[in-house]
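Engineer: Dropping a structure here in structure tokens format, bear with me for questions.
The values are calculated or read from the model by the stated rules, or taken from the named source; none is laboratory data. What you see is a predicted model; the values in this text were computed from it and never measured. In this analysis, Cβ positions are derived from the backbone assuming ideal geometry, glycine residues included, and neighbour counts consider all displayed protein chains. To get the accessible areas, we keep the full protein, side chains included, count just its heavy atoms, and leave off ligands, DNA and RNA. Shrake-Rupley method; radii C 1.70, N 1.55, O 1.52, S 1.80 Å.
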Amino acid sequence: MDSASLEPSLYTVKAIFILDNDGNRLLSKYYDPGLYPSIKEQKNFEKNVFNKTHKADNEIAFLEGMTIVYKGSIDLFLYVVGSAQENELMLMSVLNCLFDSLSHILRKNVERVCLLDNMEGVYLVVDEIVDGGVILESDPQQVLKKVNYRADENPLSEQSVAQVLQSAKEQIKWSILK
């Protein structure tokens, strides 16, 4: 191993993805552009990860030089991927935050149909937890507070442009006042 790979880094998360119980991609975010540059390579990696983990009772796997923590829920599998030397507890804190945040916005129904119906909220949660591979937040309450997402509100697609702009202005105003 070269010494550069052992240097501490803020870039701890290589990827986050959610697969259904057949191994099909529902959401994926890859933060290391050199890891799997094409969608075909990403899907192949996800398929290998799914095949190794979907029947296992563990919470951690090592595959292709990556540390992978995962959690299953009804018909979903949530994965957080880091490098081989990454701290598993850090990755697990990201995974737990993701699961707990999703559980809240999906009203404890962390399953495929609910996830697909609330995809904009799911992406907001993922983006609040990790940005560019850097862990921003690991407390689900703080994520939900920042996202300010309510599943019973109108989704963005059903709001007028004026409503979306007004909501954005209010969020900016409140973030400046804090």
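Engineer: Would you kindly derive the ³J(HN,Hα) couplings of region 67-82 from the backbone phi angles with the Karplus curve 6.51 cos²θ - 1.76 cosθ + 1.60 (θ = phi - 60°), listing them in order in whole Hz, with x for Gly and Pro?
Structural biologist: Once rounded to whole Hz, the list reads 9, 10, 10, 8, 8, x, 8, 6, 10, 10, 10, 9, 10, 10, 10, x.
Engineer: Around Leu27, which amide H atoms from residues at least 5 apart in sequence, or from another chain, sit under 5 Å from its own amide H, with H modelled in the peptide plane?
Structural biologist: Hits under the 5 Å cutoff: Ile18.
Engineer: Only Cα pairs under 8 Å and at least 6 apart count here; give the relative contact order of region 60-123 as a rounded whole percent. Kindly include the intermediate steps, with their values, before the conclusion.
Structural biologist: Values: 72 pairs, mean separation 16.2, N = 64.
Here the relative contact order equals 25 percent.
Engineer: While we're on this one: Starting from the Cα-Cα distance between Lys43 and Asp139, subtract it from 0.36 nm times their residue separation and give me the gain in nm to one decimal. Numbers along the way, then the final one.
Structural biologist: Numbers: separation 96, 0.36 × 96 = 34.56 nm, distance 2.93 nm.
Extra length from Lys43 to Asp139 when fully extended: 31.6 nm.
Engineer: For region 10-122, report the accessible area per residue in Å² (1.4 Å probe, heavy atoms, rounded to an integer).
Structural biologist: Details: 5520 Å² over 113 residues.
It amounts to 49 Å² per residue over region 10-122.
Engineer: If you plug each phi of region 90-101 into the Karplus form 6.51 cos²θ - 1.76 cosθ + 1.60 with θ = phi - 60°, what whole-Hz ³J(HN,Hα) values come out, in order, with x for Gly and Pro?
Structural biologist: 5, 5, 5, 5, 5, 4, 5, 5, 4, 5, 5, 5
Engineer: Which sequence of Asp57, Asp139, Asp75 reflects their accessible areas, 1.4 Å probe, from the largest down? Walk me through the intermediate numbers first.
Structural biologist: Numbers: Asp57 150, Asp139 60, Asp75 35 Å².
Sorted by accessible area, descending: Asp57, Asp139, Asp75.
Engineer: Spin-label point model (7 Å from Cα, Cβ direction): what's the Asp75 to Asp127 distance in nm?
Structural biologist: So the two model labels end up 2.8 nm from each other.
Engineer: When the accessible area of region 1-132 is split by element with a 1.4 Å probe, what percent falls to carbon and sulfur? Can you show the working numbers first?
Structural biologist: Numbers: 3440 of 6840 Å².
Using a 1.4 Å probe with all protein chains present, region 1-132 comes out at 50 percent carbon and sulfur.
Engineer: Amide H neighbours of Asp131 under 5 Å, at least 5 residues apart or on other chains, H built in the peptide plane: list them.
Structural biologist: Long-range HN contacts for Asp131: Leu136.
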